[in-house]
Amino acid sequence: QVRLVESGGGSVQSGGSLRLSCEGSAYSHSNNYMAWFRQAPGKEREGVAAIHTTGDTTYVDSVRGRFTISQDKVKNTLDLQMNNLTTEDTAVYYCAAGYGGIWWSFRESQFKSWGQGTQVTVSS
């Protein structure tokens, strides 16, 4: 069990962009997938984007086309580029590493390593 470390959160205006990074991805098993989750105030935590070791990616409908998940093999980070942010994107964002199961299902029990979360606040 390795806790990952997120960075890059902050406050931006609606329409702006942020890039989140998750350090510690190198600690994940070689046969794994990683994902970004978020939890908005008063809402359940939801999966946002996931990436498999093959490079395949998946996104929740609300962010598809605006967010891009990627892995930086040089820096050993999991990144999330977020563009055209809206107030609905305000949440604490978590990175996580998953094993087994259906990798794109965002079933939280499949993710054994989590970061501490980073706050993203979008204002109008």
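The values are calculated or read from the model by the stated rules, or taken from the named source; none is laboratory data. Just so it is clear, the model here is predicted, and its values are computed rather than measured. Don't worry about glycine lacking a Cβ; one is built from the backbone with ideal geometry, like all the others, and counts go over all protein chains shown. The protein model used for the area step is the full one, side chains on, heavy atoms only, and it has no ligands, DNA or RNA in it. Shrake-Rupley method; radii C 1.70, N 1.55, O 1.52, S 1.80 Å.
For Ser123 and Ser109, the difference between the fully extended length at 0.36 nm per residue and the C-alpha to C-alpha distance is 1.8 nm.
The apolar share of the surface of the chain, taken as the fraction of accessible area on carbon and sulfur atoms (1.4 Å probe, ligands and nucleic acids excluded), comes to 47 percent. Note on exposure: Asp89, Asp72 ranked by accessible area (1.4 Å probe, complete protein assembly) read Asp72, Asp89, with the most exposed listed first. Looking at the chain, the accessible area is 51 square angstrom per residue; that uses a 1.4 Å probe and ignores ligands, DNA and RNA. Listed by chain and number, the aspartates and glutamates placed with their C-alpha closer than 13 angstrom to that of Lys75 are Glu23; residues fewer than eight positions away on the same chain are left out.
Each of Arg64 and Glu88 was given a label point 7 Å from its Cα along the Cα-to-Cβ line. The distance between the two points is 1.4 nm. A simple spin-label model places the labels of Arg3 and Asn76 1.9 nm from each other, with each point 7 Å out along Cα-to-Cβ.
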